[in-house]
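Here's the structure, in structure tokens; my notes come after.
The values are calculated or read from the model by the stated rules, or taken from the named source; none is laboratory data. This structure is a prediction, so every number in the text was calculated from the model and none was measured. Cβ: placed from backbone, ideal geometry, glycine included. Neighbour counts: every protein chain shown.
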Amino acid sequence: MSKALRFIGELKRRRVYGAAVAYIVVGLGVLGAAELILNPLGLGDAQPIIVVVTLLGFPLAMVLAWIYDLTPAGLVRDGEVHRTRAESEAPKPASQNEEVSDGIVVLPFENLSPHKEDEYFSDGVTEDLIAQLYRIGSLRVISRTSAWQYKGSRVGAKQIAADLGVAYLLEGSVRRSGSRVRIVAQLIDARRDRHMWAETYDRELEDIFGIQSEVANRIASALHLTLADVGGGTPVVPESAVLPKAPEKREPLPKGPGTVMTSDLDAYDLYLRGRYLWNRRSETELNESVSHLASAIERDPGFVRARSALAEAYVTEAIYGLRSAQEVLPLAQRQADDALDLHPAEAPAISALACIRAIYEWEWAQAEAGFVRAIEASPQYPIAPQWLAMNVLVPQGRFDDAVSQLERARELDPLSLAVQACFGVVDFMRRDYPRARETFDLLVQKDPGFQFAHFFGGMSLLYSGDASRAAESLQRAMEVGGWSPEVAAAMGCAFVAEGREERGRETVDRMRVKSAERYVSPVRLSLLQAALSDHEAALDSLDEAVTGRATDLIWLDVHPGFDALRDHPRFGDVRRQIFEDETER
């Protein structure tokens, strides 16, 4: 695109043409009115002055039209326009809703241990308390991702409750010293700004599981709810009753069928480290997460929660394209199957298997049924509806159904940037690039280090015809997240759209070199080759991707980068292998 064409496009985007027409119409109206009014008053000599002022005001009005735009929020500088529009269309935070749910958020417990590295332990205690509270069927529990937004912050309880749409907050601290642990927990009714109860648990470390269950029971009691599956599923003692003090030491929790945790403290320690690293999501940390979780299972093969966590970690590596599907997803399936043999209602394992059915086996009906089963097993688990939306519904073009599932995930995890970004991806795949771009622009403002938002923001610009700005956004994605096949291929497509075809071909060559060092999905090569109009090479890459069961083949029907190949017979052959009716296989 030439500079002149980009300038004309920018004039249109900033509505300068409309402002010019409006100014001329209003100016002519003013001059006509002046003639009618001034001549009868004998002030006709003033008309030339009005003409000059009107003409001089025209360039000033055009400059103002270039700089400012009129939005529902008022007169806003152009640089803020997309943000303002996105904010005006974004779902209202819970603080603006008329009703607030009787939900609860478990804020990250503060690490008071002498060693900073024990923070993973306090985070693990928090996460396990969240898991315990998930078992209260009638209580909405905010997920870990949103709760962690307030880690180390000084935001008041009322504001947190309003932001998340909950009535109760659980906060506390963990101090670990040698073989002992002290947990202080307090439950706050944010609506009435009062403490419902507070308790200190000073125990041997081996009793950590008993402490977590006891805290969850006391919360349920304070909220007049029944905590299912804890203490044999018996009703919790009502708040008015006298709760007996817990014994100083409990028997270790049993291992084997029907349980999800472990009585091996070293295995539990490795599990906490693994989950902590998995939540950070970088390539290095995901690899370390897998190592820790595998070590936890080696110590205790009956540790169900570690097995399901390892299955999720493997699936995440495949989704992110860090390892080939053929290498990592059979490992994920084995762990999920073993977890379900021990505990058939383990929702993360069910969800991991459902994801494998979609992204690896292309069994769409079975995948959807699996996700539904995971949601039924744990309605509080936000990953299941999110993965259902993005790995089953969007690839099939069922965008409205996907949005419904994402809304369910957002209710459980209202501050998750990943969930919010998924709404933008749906708009991108729908070809609603302006709306998608507004979502990703807003997310970049919230977190400038969020590579995913830079990447899809750049993709939205690329396919809406603004290759220059797309390249800038993709370059930023590379800077904040490092080199990846996905970003590199998109950058190559931007080079081609700018007319720098040679740079695009250089990117193809570099990706091939990189594939000798690490996994590079052939689907990414295919997208760049299609942009270069190397259609046969692009289709060869897709054939290679089918052979390797590349996970990003699921986007074949909805990704705009494949539009150039859709009429080719070979493309139809590829897509039939992925989306044909399972009964015809």
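Here the stretch 280-294 is the region considered, the condition is being over 16 Å from GLU117 (Cα atoms) and of a type outside the set (Gly, Ala, Ser), and the residue that is surrounded by the fewest Cβ atoms within 10 Å (Cβ to Cβ) is THR284.
Among the residues examined, ARG410 does not qualify as basic (Lys, Arg) and touching a Leu at 6+ places or on another chain (Cβ under 6 Å). Do the conditions hold for ALA147, that is, is it small (Gly, Ala, Ser), buried (at least 17 other Cβ atoms within 10 Å of the Cβ), touching a helix residue (DSSP H, G or I) at 6+ places or on another chain (Cβ under 9 Å) and part of a strand (DSSP E or B)? It is false that ALA147 is small (Gly, Ala, Ser), buried (at least 17 other Cβ atoms within 10 Å of the Cβ), touching a helix residue (DSSP H, G or I) at 6+ places or on another chain (Cβ under 9 Å) and part of a strand (DSSP E or B).
Let's see how each residue does on (1) assigned by TED's automatic domain parsing to the domain that holds PHE209; (2) within 25 Å of the chain's Cα centre (by Cα); (3) crowded, with 24+ Cβ neighbours inside 10 Å; (4) not in a helix (DSSP H, G or I):
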position: ALA296; (1), (2), (3), (4): no, no, yes, no
position: PRO301; (1), (2), (3), (4): no, no, no, yes
position: ALA306; (1), (2), (3), (4): no, yes, yes, no
position: ALA309; (1), (2), (3), (4): no, yes, yes, no
position: VAL315; (1), (2), (3), (4): no, yes, yes, no
position: ALA318; (1), (2), (3), (4): no, yes, yes, no
position: ARG334; (1), (2), (3), (4): no, no, no, no
position: SER351; (1), (2), (3), (4): no, yes, yes, no
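When ILE383 is tested against (1) over 28 Å from LEU107 (Cβ atoms); (2) touching a Pro at 6+ places or on another chain (Cβ under 9 Å), exactly one condition is not met: (1). Please enumerate the residues belonging to the stretch 545-579 that are surrounded by 12 or more Cβ atoms within 10 Å (Cβ to Cβ) and of a type in the set (Asp, Glu). If the condition is that a residue be surrounded by 12 or more Cβ atoms within 10 Å (Cβ to Cβ) and of a type in the set (Asp, Glu), then ASP552, ASP557, ASP573 are the ones that fit.
Starting from residues that are surrounded by 15 or more Cβ atoms within 10 Å (Cβ to Cβ) and in a loop (DSSP other than H, G, I, E, B), keep the ones in the stretch 195-225 and report whichever is modelled with the lowest pLDDT. Among those residues, the one meeting the criterion is LEU225.
The listed residues are VAL403, VAL426, VAL394, and the only one of them that is farther than 18 Å from ILE142 by Cβ, in contact (Cβ under 8 Å) with a residue 60 or more places away in the chain and not aromatic (Phe, Trp, Tyr) turns out to be VAL394.
Look at the stretch 314-336: where a residue is within 17 Å of ALA516 (Cα to Cα) and a partner is assigned to a helix (DSSP H, G or I) and not hydrophobic (A, V, I, L, M, F, W, C), sitting 6+ places away or on another chain with Cβ atoms under 6 Å, you get LEU322/GLU283; ARG323/GLU317; ALA325/THR551. Residues that are modelled with pLDDT under 95, of a type in the set (Asp, Glu) and farther than 22 Å from ARG398 by Cα do occur in the stretch 512-526.
Rundown of residues vs (1) under 19 Å from ASN217 (Cα atoms); (2) at pLDDT 85 or above; (3) among the acidic types (Asp, Glu), yes/no style:
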{"residue": "LYS158", "(1), (2), (3)": "no, yes, no"}
{"residue": "ILE183", "(1), (2), (3)": "yes, yes, no"}
{"residue": "ASP189", "(1), (2), (3)": "yes, yes, yes"}
{"residue": "ASP193", "(1), (2), (3)": "no, no, yes"}
